[in-house]
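The values are calculated or read from the model by the stated rules, or taken from the named source; none is laboratory data. Here the structure is a predicted model, which is why all the values come from computation and not from measurement. Cβ: placed from backbone, ideal geometry, glycine included. Neighbour counts: every protein chain shown.
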Amino acid sequence: MKKAMLWITLCCVLIAGVSVSAVAVQRVAGDADGNGVVNLRDVVLTLRHLAGGWDVRIDEKAADVDADGDVTLKDTTQLSRYLAGGYDVTLQTAQEEKQLTMQIGDTPVEVQWEENESVDALRALVQDAPLTIGMSMYGGFEQVGSIGASLPRNDVRITTAAGDVVLYSGSQMVVFYGSNTWAYTKLGHITDKTAQEMTELLSNGNVTITITMQ
């Protein structure tokens with residue numbers, strides 16, 4: 001206990017003289033500043049974060065060394081004990097939350113998913129295994145394919161744009177490279193492709209779409 005208190009006291013003394021910045025690299029438990037090394041600097045940065053009033057940023061998932069979902073003084077104490085040695089301390093990081101992803105053929109695309117029960121049901125559908133959808137060109141502005149299941153729907157008459165991903169009739173996924181006005185449930189929008197790039201992806205023949213959690 002004395003060793004832990006000594007480390008914490010030393011951290012508080014050093015706070016005024018430490019300049020830190022958060023650099024994103026591969027996450028390591030306890031590595032609050034993201035430089036790939038766990039040391040006293042990480043304790044100081046986390047204490048600054050908790051104290052407030054400091055212009056600092058930390059990797060909160062890495063700083064949460066007891067993996068309870070919150071960064072607290074308990075984490076700095078545990079990290080201090082780990083650095084001091086002589087304690088049976090194991091550092092942890094929280095599990096990364098899986099994200100819903102889409103791939104068109106061999107091309108991954110970034111989708112900003114809607115927050116609705118349809119998307120929640122889609123996540124549940126692909127939780128354990130990827131969903132592959134055979135799409136077909138239609139109307140010169142979209143590709144459509146069967147999801148293989150019925151999802152909750154809340155259809156609203158909308159005018160779509162290139163990159164929109166919608167649910168049609170509860171069981172069909174539609175991805176647009178043009179525009180159409182109809183009653184759909186919005187699922188999301190592809191954010192990393194221009195209208196021209198969506199046309200190149202979808203207007204040259206049927207494609208396969210893969211939806212997964214990763």
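Observations on the structure shown:
- Scanning the stretch 169-214 for residues that are polar (S, T, N, Q), within 19 Å of L100 (Cβ to Cβ) and in contact (Cβ under 8 Å) with a residue 60 or more places away in the chain yields T185, T191, T208, T210, T212, Q214.
- Qualifying residue in the stretch 24-38 (condition: assigned to a helix (DSSP H, G or I) and under 15 Å from L91 (Cα atoms)): no
- Candidate set: the stretch 71-115, residues that are more than 17 Å from D33 (Cα to Cα) and in contact with a His (Cβ under 9 Å, 6 or more places away or on another chain); chosen: the one surrounded by the most Cβ atoms within 10 Å (Cβ to Cβ): V111
- Picking from residues in the stretch 116-139 that are within 20 Å of L201 (Cα to Cα) and free of Cβ contacts under 8 Å to residues at least 60 places away in the same chain, the one that is surrounded by the fewest Cβ atoms within 10 Å (Cβ to Cβ) is G139.
- Every listed requirement among (1) surrounded by fewer than 18 Cβ atoms within 10 Å (Cβ to Cβ); (2) more than 21 Å from G85 (Cα to Cα); (3) under 24 Å from the mean Cα position of the chain (by Cα) is met by W54 save one, (3).
- From the options D155, D128, residue that is modelled with pLDDT under 95, assigned by TED's automatic domain parsing to the domain that holds V109 and not aromatic (F, W, Y): D128
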